[in-house]
Amino acid sequence: MSASFIVCSMFYSALLLIVYFSKKRLNTLENKIYSALAITNFIGLIIETFCYLITLNKESFPLLTSIINKLYLIYSLTWLVLFMYYTFIVSFKKKINLRFNSKEIYKKISNIFLKIYLVIAFALLLLPLYYNNTDLNSVYSYGPSSFLCTIMSAICILASIIFMILGYKNIKKKKFIPLISYTIVFPIVIFLEYFHKELLLTTPVETFITFLIYFTIENPDLKTIDELSEARQRSEEASVAKTKFLYKISHEIRTPLTNIMGFAETLTEKKLDKNTKIEVEHIKESATSLLKVVDGILDVSKLEVQKVELVKKRYNLLSMLDELADFAKEVGNKHVEFRTCFDTTIPDALYGDYIILRQILLNLLANSIERTKIGYIEFNVVSVIKDNACRLIISLEDTGGIIKKEKLDKIFLQQTDDSVDESIMEGNVSLSSTKKLVDLMKGTIVAQNVYGRGCKITVALDQEIVLSKKNDNFIDEEVELNISNKKILIVDDNRLNIKVAERLLEKYNVKITSVLSGIECLELIESGEHFDLILMDDMMPKMSGVETFKKLKENENFNTPTVMLTANAIDGMKEKYLLQDGFDEYISKPISKKELDRILKKIFK
């Protein structure tokens, strides 16, 4: 009967090892101890089986009987010491991790346990051991070595109970199950075996407790969850890094563009010959076009990190369409005929996010130009007006090749979708981003084949119509502005930026002072200098514009209107500068003369 317990326990122990080691595990000290417990238990069951069989024939194999039985005692001691160490770890792990260098303290504790274990194991090998096999159902060993093992077992059990009591607050609830089973069942088993040595229950009980611990340790499946958590964290970090990169690139690209457009703007007001004026206008138009491309790229990038918000402004669609058509003709293939048809009933002034709309049109044009090597591209825009809304129907038809019917619904998917034909994807670089932008504007986009010709992509979206009445968002050009006696301070670390701002302010005949850092600005104000307006850049070394403004506001006597004048034009920054940081106004670079005029009229009204 006793032998049957061992055989059954061996089966369950083997099954447990297969399940445990077939999965990935967290590399924790607790799991390492459990791995040693499980392996030791399985080895112990094998040794106890041999003990039973060899002791029945001890006269035939006296030396082997002695070795096998003492190995079993060493196993018993090993499992108990490991369990005691396991109890210690789960009871005091939190305190050790908080107060000490955990690696060092665990190493020291392990060495202490190892030394005690080796001393006792050596004693078990040296002390004599006797055997009883008078009855086939009562095979057991006894003597000094067995007695020492029993005493050490009792000490290990007592130590485990003490560890559990002292550290009960730190033990997770589920871990109490094997610990309580151990402290209740194990002493009973040892007591029974002491008086009924024929009972072979110790190792099966150890198997049962090992089995219970499996369901309380950090499940091997948590490794996958951990990996997913780490992947999500890396993704979030990448998203933050991408956002920071957007801020940086917006500033770095817009700064030189600001200078180009600013100087071009001031040159148009000079007395120049006709040809030079035309060339300056070309420079200005090219810089403006490049700025819009940069804005579009930034918007698509922000869409990837879910930072895009609709920023509605008044705009003229027909002028935008003419500009894009000219651009497409210049960059398009000379062997491809470019046709346009724009509805002349489109209102002069629409209200919506023209930057995102422009990016949508730019993406569609780029896609058609890329796909079409010969034939034509037809760019059509019609409008359907109802009440104060204008529905725009935009279509790009080209002879770039028929797309298989089953692929039509997939051309707006990401490029990583392997199901999309490579020939389709070659000219499909920006359509997935376009679909996102159209969705953002609550529009629709569809693709269809034009039989015998090629493909046609149609976008439908609504825009508001700006009524003829005056809108508070636009400046009243008839109001004259006289600020010739005003003093304006420009704070910017870039001398060219300062020069551009000075040129734009020349016509107002104001007194201009400039400094190259936030620190110089603070020193100037603290020295008693008074200004009627401060134009403050944000991204400056040592002290940013926001930090400088916060320092200025610490002075109770400071009440000078301060305008954030920055190349950081990411959507949402205006709200941050005005609402969160408390600036009076915000101007993005390149500085628009109309916007500057509006701000000055607002502040000096």
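Here are some notes:
- Taking the charge dipole of the stretch 487-603 about its Cα centre, with +1 at Lys and Arg Cβ atoms and -1 at Asp and Glu Cβ atoms, the residue from 521, 540, 489 reaching farthest to the positive side is 489.
- Residues 169, 313 arranged by fewest to most Cβ contacts within 10 Å: 169, 313
- Around residue 178: net Lys/Arg minus Asp/Glu count, Cβ-Cβ under 13 Å: +2
- Exceedance of the 28 Å cut-off in Cα-Cα distance is limited, within the set 277/507; 270/334; 270/551; 499/550; 435/593, to 270/334; 270/551; 435/593.
- In sequence order, the stretch 106-116 has phi-based couplings of 5, 5, 5, 5, 4, 5, 5, 4, 5, 5, 4 Hz under the Karplus curve 6.51 cos²θ - 1.76 cosθ + 1.60, θ = phi - 60°, and Gly or Pro positions carry x.
- Shape category assigned to the stretch 489-605 from the gyration tensor of Cα positions, a/c cut at 1.5: rounded
- Close amide H pairs (under 5 Å, H built 1.01 Å from N) link residue 514 with 490, residues at least 5 positions away or on another chain.
Rule-based calculations on the coordinates, nothing more; no lab input. Computed from a predicted structure; not experimentally measured. Glycine gets a Cβ as well: all are built from the backbone with ideal geometry, and neighbour counts include every protein chain shown.
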